[in-house]
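Taking it in order: structure first as structure tokens, then the write-up.
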Amino acid sequence: MYGKGIVKGLLVTLKRFFETYTDDIKHGKARYYTEEGVAYRSSPETRGLFTVQYPEEKLITPEEFRFIPFLVYDEKDDGEQAIRCTSCGICAKVCPPQCIWIERTSDPKTKRPVPEPKNFYIDVDICMNCGLCAEYCPFDAIKMDHDYELAVYDRHVNNIYDKEKLLKPASYYADIRPLNYTQEEKARAEAAAAKAAKAAARAARQKKQ
Amino acid sequence: MTEQTLTPTLNLEERFGDWVTPDTRKGYEGYLVAPEHLIDCAAALRDEFGYDYLASLTAVDYLPDGKMEVVYHVSQSTGGAPLVFKVQVPREDPVTVPSLVSVYPGAEFQEREAWDLMGIRFEGHPDLRRILMWEGFEGHPLRKDWKEAYYEEDTKPFKSRWPAGQVHRVEDTLPFGKNVKYPQGFDPEKWTPVEEEALYASLKRVPADEDLPTEQLIVNLGPQHPSTHGVFRMAVTLDGETIVDLKPVMGYLHRNHEKIGERNTYLMNIPFTDRLDYLSSLSNNFGYVLAVEKLMGIKPPERAEYIRVIMAELTRIQNHLFAIGMFLNDLGAFFTPSLYAIEERELILDTFEAVTGSRMMCNYMRFGGVARDFPPGQLERVRDLAFNRLPAIVDEFDAYLTNNEIVRARCEGVGVLTPEQAIAYSTCGPVLRASGVPYDLRRADPYSIYDRFDFDVAVRYHGDVYDRYLVRMDEIRQSIRILQQAVEQIPEGPVIEGKQQYQVRVPAGEAYGRVEGPKGELGFYVVSNGKPNPWRYHVRAPSFINLTALAEMCKGNKIADAVIILGSIDIVLGETDR
Ligand code: SF4
Ligand code: SF4
């Protein structure tokens, strides 16, 4: 029969239409404006409409989500910031659009480079959020952020981030990337233990001689 | 194992004598052909050896040797590894090479691109005009001695970034215009685009009719037109409502991806490939890392191979869903089908985001593996999608659209491309397979681990718009099949070997890596001279080359159908224009 295909198609539309309501009734109020509601609506089980009402609702950012890097510092017991970055320059060399600028300084007395960078800039207008800097930094000093709401009124004055703006505590990092953080802390602890063991062995050897 | 066994063992020297010489440079393969015998040689390869499909044509500027080289990759449409031959000419203007359009019509746009970007004059080309750059552009930007606006250094990383990185905006230090070259005597105020006239002149005219004198009507569809999927233009001559001739005009989104790629280091190019066909960034990653891995002579571990296949097939599914949705938009089914499709695509993008960190700009594959393993729960999610959600959705789409009378009336018999034309015009992907040519690189020249999976090459035989739709539906089903096998078989293990270096060592030589992307053969031709940056980096873009056949598909159809014919090719302008 001519027109059967159209009718069949319209039935699909109708089914979809009703599904929105049946799903709403099934899941009740919890379907909207709750974290579990958003999680359900992004899962393969979801039925009906699953539009997320941004900004009242927000998609749950998965751990690996990456948006603009930040610099990690550890908080010492006395409240001082211990910046992890050593100015090694790897992130600046790996950055595809070359938007990282690092100023390294040397100690005037010893002439040796100071580990902590004097200046560290990222031009976030140019940053392509590729995450390579975080991936290749050997000191876990630069990580990708989860904060994507960066709109500003004037990009010419606001969008070159300097060291102050880039620094965030390790606790923040642990918060947004718990799995990565635990893994890295474990690896760091192991490396530190291995180093300590080596030093102890050397000390013992020296003592013997 | 696959590449070696399939390499044809043909002896061209025996057949062609001194027309050809084997390319003996270290790391290179194939043959060098004398320019004066190029056309005869290509014709013989096509007719006697079955190399009927021109996969890729590009040029390399060997500035230190004072040579320009045009590189041709030809394939047999029945399958097998490509054969590569080259023509070398002195690097003195005018650089001329005979055009192969008469043998391979699919060379038309690719030769225009090589002329535009490399300045190689193809003698005998029917319509040699710039294709990506604008008409008033001076110079040929892919030449090694050409420098772009805001030029800083030949290769990255730039020295100004570290250790004395004083930030500045590039616009501030180098105001626009200082580094821009204009043609001699150029005055922007007085300039009129001559090539625009050339474009209109190149269109075929309506044949004169004694009884009914008709006026010549030239219509521009685009560049700003919702049907063109971006900024793209079709210049059309019309006889009444019937299309007499058509020329695609593109390049509005051109950013010289290849030049950027040659300034970049090898690793830096991976996130840039995301920006080609931004709907299927993982396929782009895949093709590029395959090419570089070929040069480096490495292979990823088993688990990484499986992850690559899973990601590539998910990419294909979401790309086809999007293509079908947008195609229905072009048909006039305003947004209901496309939103249904986008909803499902969203679920796949959620997985991409959880695994790679980004929904579209995935930047996930690395030389010798992938960046990281699946986070907990994601493989189960993919399994859930592959076994439960997606098959049901494809069936629903089938019920929803496939037998809709309006869809069929609009699509059947429209935009027909015969198998011979499809091959001759170097079309690829669903366009080629809808014309009855079962050519799918996953089977024709298997890469990665595709030889392990059980799936059929989707093929349809009418070559019209409707069949292109059907092929995409079939391919979604086949991809789901591959996914189901892959998630069952995936072994445990590392996803990349050893500690990753940010500067990879790539031995000198050339490599052509290709994958069957959602839009067709996606190839990367990479030439290394042993330095940290590629000497030549070329993308064989399926969206771009498929457009070569657009005019052929449109001729004789009604103007309203041009929109759906374009929609049925499924182009992404990020890739077309590069
Ligand atoms: S952030 Fe990491 S890679 Fe970049 S300079 Fe600091 S330590 Fe080196
Ligand atoms: S995310 Fe990529 S583009 Fe952005 S600063 Fe890091 S390396 Fe550069």
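At q = 0.14, 0.29 Å⁻¹, what is the base-10 log of I(q)/I(0) for the range B:211-271 according to the Debye formula with one equal point scatterer per Cα and no solvent? Please give it to two decimals. For the requested q values the scattering log ratios are -0.59, -1.12.
Compute the label zone of A:THR22 within the range A:35-57: residues whose backbone N is under 13 Å from the point 7 Å along Cα-to-Cβ. In the range A:35-57, the label zone of A:THR22 (backbone N under 13 Å from the point 7 Å along Cα→Cβ) covers A:47-49.
For the residues B:TRP162, B:TRP19, what sequence is obtained by ranking on other C-beta atoms within 10 Å, fewest first? Please list the in-between numbers first.
On the way: B:TRP162 22, B:TRP19 18.
So the ranking, lowest neighbour count to highest, is B:TRP19, B:TRP162.
If you bin all the Cα-Cα distances of the range A:67-176 at 10 Å, starting from zero, the percentages per bin are 14, 46, 32, 8, 1.
Could you estimate the translational diffusion coefficient of the range B:257-577 from the Stokes-Einstein equation, with Rh from the Kirkwood formula over C-alpha pairs, at 25 °C and 0.890 mPa s, in whole µm²/s? Rounded, D is 124 µm²/s. The spacing between the range B:82-121 and the range B:214-290, judged by their C-alpha centroids, is 20 Å. Of the chymotrypsin sites (Phe, Trp or Tyr not before Pro) found in the range A:7-66, those in coil by DSSP whose Cβ has at most 16 other Cβ atoms within 10 Å are A:TYR32, A:TYR33.
For chain A, adding -39500 (n - 2.57) for each run of n ≥ 4 DSSP H residues and dividing by the number of residues yields -12500 deg cm²/dmol at 222 nm. Near A:CYS130, no amide H atom lies under 5 Å from its own; only residues 5 or more places off or on other chains count, and H is placed 1.01 Å from N.
For chain B, take the alpha-carbon Rg, divide it by the Kirkwood Rh, and send me Rg/Rh.
That ratio is 0.96, to two decimals.
Across the range A:46-111, counting alpha-carbon atoms alone, Rg and Dmax equal 20.2, 69 Å. Normalised by 2.2 N^0.38 Å, where N counts its residues, the alpha-carbon radius of gyration of the protein assembly as shown equals 1.01. Over the range B:3-123, the alpha carbon radius of gyration divided by the compact-protein estimate 2.2 N^0.38 Å works out to 1.02. Centre-to-centre, using Cα atoms only, the range B:306-329 and the range B:478-515 are separated by 19 Å.
For B:SER56, the residues whose amide H sits under 5 Å from its own are B:HIS73, ignoring neighbours fewer than 5 places away on the same chain, with H placed 1.01 Å from N.
Highest GNM mean-square fluctuation among A:ILE102, A:ILE25, A:ILE142, for chain A modelled with Cα contacts below 10 Å: A:ILE25. What whole number of Å gives the distance from the Cα centroid of the range A:1-80 to the Cα centroid of the range B:368-388? Computed from Cα coordinates, the inter-centre distance equals 19 Å. Computed from phi, the 3J(HN,Hα) profile of the range B:140-157 under the Karplus parametrisation 6.51, -1.76, 1.60 (θ = phi - 60°) reads 10, x, 7, 5, 5, 9, 8, 10, 7, 4, 6, 4, 10, 8, 5, 9, 8, x Hz, with x in place of Gly and Pro.
What is the diffusion coefficient of chain A in µm²/s, taking the Kirkwood radius over Cα pairs and the Stokes-Einstein relation at 20 °C with a viscosity of 1.002 mPa s? Before the final figure, lay out each step's value.
On the way: Rh = 21.7 Å.
In µm²/s, the coefficient rounds to 99.
Panel note: the C-alpha atoms of the range B:509-566, placed on their principal axes, show extents of 53, 18, 14 Å (largest first).
Loop-resident trypsin sites (Lys or Arg not before Pro) (DSSP state other than H, G, I, E or B) in the range B:185-236 with no more than 13 further Cβ atoms inside 10 Å of their Cβ: B:LYS190, B:LYS204, B:ARG205. Straight-line cross-link partners of A:LYS26 among the aspartates and glutamates, defined as a Cα under 18 Å from its Cα and at least 8 positions apart when in the same chain: A:GLU35, A:GLU36, A:GLU45. Reported value for the range B:343-470: 153 Å³ per residue, from the convex hull of its C-alpha atoms.
Give the range of the longest stretch in chain A that excludes all trypsin sites (Lys or Arg not before Pro) found in loop regions by DSSP and having at most 12 other beta-carbon atoms within 10 Å. Kindly include the intermediate steps, with their values, before the conclusion.
Values: sites that count: A:LYS76, A:LYS109, A:LYS111.
Longest site-free region, per DSSP loop and neighbour criteria: A:112-209.
Placing R0 at 56 angstrom, the Cβ-Cβ distance between A:LYS195 and B:GLU14 gives a FRET efficiency of 0.30 after rounding to 0.05.
Of the GluC sites (Glu not before Pro) in the range B:383-490, the ones in a loop by DSSP (not H, G, I, E or B) with at most 16 other beta carbons within 10 Å are B:GLU412.
The orientation-averaged projection of the convex hull spanning the C-alpha atoms of the range A:1-93 amounts to 12.6 square nanometres. Note on B:ALA43 and B:ASP65: with the Förster distance fixed at 25 Å, the Cβ-Cβ geometry gives a FRET efficiency of about 0.30. Estimated from helical segments only, the mean residue ellipticity of chain B at 222 nm is -11000 deg cm²/dmol, where each DSSP H run of four or more residues counts as -39500 (n - 2.57).
Read-outs throughout are calculated quantities, based only on the coordinates presented, and are distinct from any laboratory measurement. This is a predicted model, so every value here is computed, not measured. Note that each Cβ is placed from the backbone with ideal geometry, even for glycine, and that neighbours are counted across all protein chains shown.
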